[in-house]
Amino acid sequence: MNYIYSFINGDFMRFFNREKEITEILSILEGNPDLVYFVYGPLNSGKTALISEIINNRIDKNKYVVFYINLRGIFISKYKDFIEVLFEEYEEDRKPVEIIKSLIKDVPSLCGIPTPKNTLEEILKKKTTKNVFKYITNVLMDIKKEGKQPIIIIDELQKIGDMKINGFLIYELFNYFVDLTKELHLCHVFCLSSDSLFIEQVYSEAMLKDRVDYILVDDFDKETALKFMDFLAEEILNKKLSDDEKELIYSYVGGKPILIIKVIKKLKIKGLKETLDEMLRDEMQKLKYFLEDIKEKDEESYNKIADALEIFKDSYEIEDIKIPKNIREFLVKKNILFLNPQKGTLKPQSYLVWNAIKRLL
Ligand SMILES: Nc1ncnc2c1ncn2[C@@H]1O[C@H](COP(=O)(O)OP(=O)(O)OP(=O)(O)O)[C@@H](O)[C@H]1O
């Protein structure tokens, strides 16, 4: 049984800023569970890093029990796959809550709901979610009786979007999450996703109105991005960057944390202009091949897509309906554009993509 989950992918990195988002989430956690929260934002904006910082360093570990269910990187094609991610089987003859209590002494979060072996077999035999949810609710109630507040976090929930058991599994889960929050006030629920089409579907789902809320984790704004560069230059290079250098980095990669980290790391072995030009060239190559493929398959679609992308030559962010629905959904699906359904806006997934668009179209 392996409950230890490392949130840090890649090198160890100290966490930077996000105080506004942290304050918002901590204040939600202090209150009674009431709504299901969707944490969304562009690709690699730092959603997982933020949640991980909160779980590891910002909450009182004696007060909360966190279940972090990560569907990222897991192949889920059938119900059984999903159940296997949701639960962690154990063999000892102890109650789940006892297992949980002993585990949380060592780790900040559990990556599955502990379930005795026989119970899991029973759950899997019945092809209905009713007994799954009943089991989870009982475990959560036991945790609450111990004076602790359970939190469920699901990363990349959209991965089960197409899965059907009776109806769509995802709707059954949403209903269950609404039960846990709005009805029972038993458990905090956070769903993380960078799939903005999925978030848009949730946003326009009448059933979820007034039962869910959204927390946007966007790329850093300019002021924060420049400070992040100072922070990283100190951490990684042990030196300061000039204002001109920071302005130049921002003009290429904007406020996307992962790209800023990449630039600063490369400065150990390469010059700044060379690093930035290389990154931009790679992005342009990707976009060029992407457009070439479309042009070869269907000239008419290519023209529509080129027209849509050309709109970004004048501005980074535009109103979503300026691009016809099918074209905008295609570009969002292909991770060229990010859709913010709350604001009704579209923008390139990063400044780097934006720069590639401006140079190629
Ligand atoms: N505030 C931050 N401080 C330090 N590093 C950060 C911060 N935000 C993001 N990062 C780094 O940027 C990278 C991408 O972040 P992360 O994986 O959290 O993004 P994400 O939004 O969850 O990605 P995805 O789009 O795949 O869901 C990680 O390596 C992370 O360590």
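Just one of the numbered conditions (1) touching a residue at least 40 places away in the same chain (Cβ under 8 Å); (2) under 27 Å from the mean Cα position of the chain (by Cα) is not true of residue 288: (2).
A count restricted to the stretch 52-72 and to residues that are within 16 Å of the chain's Cα centre (by Cα) and within 16 Å of the ligand (Cβ to nearest atom) stands at 9.
For the stretch 188-203, name all the residues that are of a type in the set (D, E, K, R) and touching a helix residue (DSSP H, G or I) at 6+ places or on another chain (Cβ under 7 Å). Step through it out loud before you land on a result.
Initial filter on the stretch 188-203 (of a type in the set (D, E, K, R)): 195, 200.
Passing the criteria: only 195.
Only one entry of 52, 77, 109, 102 meets the criterion of being hydroxyl-bearing (Ser, Thr, Tyr) and closer than 16 Å to residue 187 by Cα, and that entry is 109. Taking first residues from the stretch 227-243 that are under 18 Å from residue 19 (Cβ atoms) and partners that are within 13 Å of the ligand (Cβ to nearest atom) and of a type in the set (Gly, Ala, Ser), the Cβ contacts under 9 Å between residues at least 6 apart in sequence or on separate chains come to 228/255.
Looking across 79, 37, 5, one residue alone is aromatic (Phe, Trp, Tyr) and modelled with pLDDT of 95 or more. It is 37. The residue pairs whose first member lies in the stretch 296-307 and is of a type in the set (Val, Ile, Thr), whose second member is assigned to a helix (DSSP H, G or I), and whose beta carbons are closer than 8 Å, counting only pairs six or more residues apart or on different chains, are 305/291; 305/294; 305/327; 305/330; 305/331. Across the stretch 25-51, the number of residues qualifying as in contact (Cβ under 8 Å) with a residue 40 or more places away in the chain, more than 13 Å from the ligand (Cβ to nearest atom) and under 24 Å from residue 257 (Cα atoms) comes to 2. Scanning the stretch 171-184 for residues that are at pLDDT below 90 and within 16 Å of the ligand (Cβ to nearest atom) turns up nothing. Among the conditions (1) surrounded by 13 or more Cβ atoms within 10 Å (Cβ to Cβ); (2) modelled with pLDDT of 95 or more, residue 237 misses just one, which is (2).
The values are calculated or read from the model by the stated rules, or taken from the named source; none is laboratory data. Note that this is a predicted model, so its numbers are computed, not measured. So basically every Cβ, Gly included, is an ideal-geometry build from the backbone, and we count neighbours across all protein chains shown.
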